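Quick note: the coordinates plus some simple rules give every number you see, no bench work behind them. Given the structure is predicted, the values throughout are model-derived calculations rather than measurements. Cβ placement follows ideal geometry from the backbone for every residue including glycine, while neighbour counts extend to all protein chains displayed.
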Amino acid sequence: MRLSHRLVGVAMISAIAGLSGAALSGAALAQSPTPPGSDPAVPPAPRPAPPIASPIPPILAPGRVLLGVKDVMRHIVNPAAEAFWARSGEVDDEKGAKDRTPVDDENWKVSLDSAAQLVEAGNLLQMEGRARDPNGPWMKYAIQLTNAGLSAMSAAQAKNHDKTFEAGSAIYDSCFACHGRYIPRPKDSLYKHDIDKDLQDAKKPK
Ligand code: HEC
């Protein structure tokens, strides 16, 4: 029992120290019940290596594309756009037109945050390895998204009703332009949430 526990211990220490499988089994076989270090024929088990200075694994190397376009759309672009649109324009309900422009700082902050996410999302779409068509209009549409996001940021910073609405339309135009060119299916099938309807509602006069 004692022996096998010690073998497991040696195996773990060797694995931590990064010894190869061959060295590991050799060390394990050579091991005897003698305490390590007391038998000159058996070298003491190596100490674990000190922690490396930068624990960042290679997959997180700077500038590396990690998510595909679809996931960037699904988890970054679409939620940000939805959050912005939900706080701009008007919707009609049974009580009449309802202005969705934020009335408190908390919601203006959500508008500003989501606009900022769209600004950088435009950059994400231009990254090598993600840009679908670096020599075609893809880059232009990605920049269009960034620019619309910048207008949305200033609108939210100014807490301006009309500018927020205009920026919301500009954001929509960039989605529409890129999808029209790069998605070979009807645009309506894209959306889990009905963006078209949102925009239509938002454009209804007061
Ligand atoms: C520069 C091009 C580009 C821009 C700008 C763009 N998209 Fe996309 N989007 C795509 C492409 C390409 C796909 C299809 C990805 C795939 O299926 O692999 C897509 C797919 C989507 C999807 C479907 C994701 C899924 O789950 O299948 C949604 C939702 C979406 N986009 C929302 C938006 C919204 C909202 C905007 C604007 C705020 C926008 N996109 C702007 C290129 C773009």
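Within the range 115-137, which residues are near the ligand (Cβ under 10 Å from one of its atoms) and under 18 Å from F165 (Cβ atoms)?
L118
State yes or no: is A155 among the aliphatic types (A, V, I, L, M) and in contact with a strand residue (DSSP E or B) (Cβ under 7 Å, 6 or more places away or on another chain)? Before you say what the answer is, go through the steps one by one.
Numbers: among the aliphatic types (A, V, I, L, M): yes; in contact with a strand residue (DSSP E or B) (Cβ under 7 Å, 6 or more places away or on another chain): no.
No; evaluated as a whole, the condition is false for this residue.
Where residues in the range 137-165 are assigned to a loop (DSSP other than H, G, I, E, B) and in contact with a helix residue (DSSP H, G or I) (Cβ under 8 Å, 6 or more places away or on another chain), which of them is nearest to R100 (Cα to Cα)?
Once the filter is applied, the top-ranked residue is K159.
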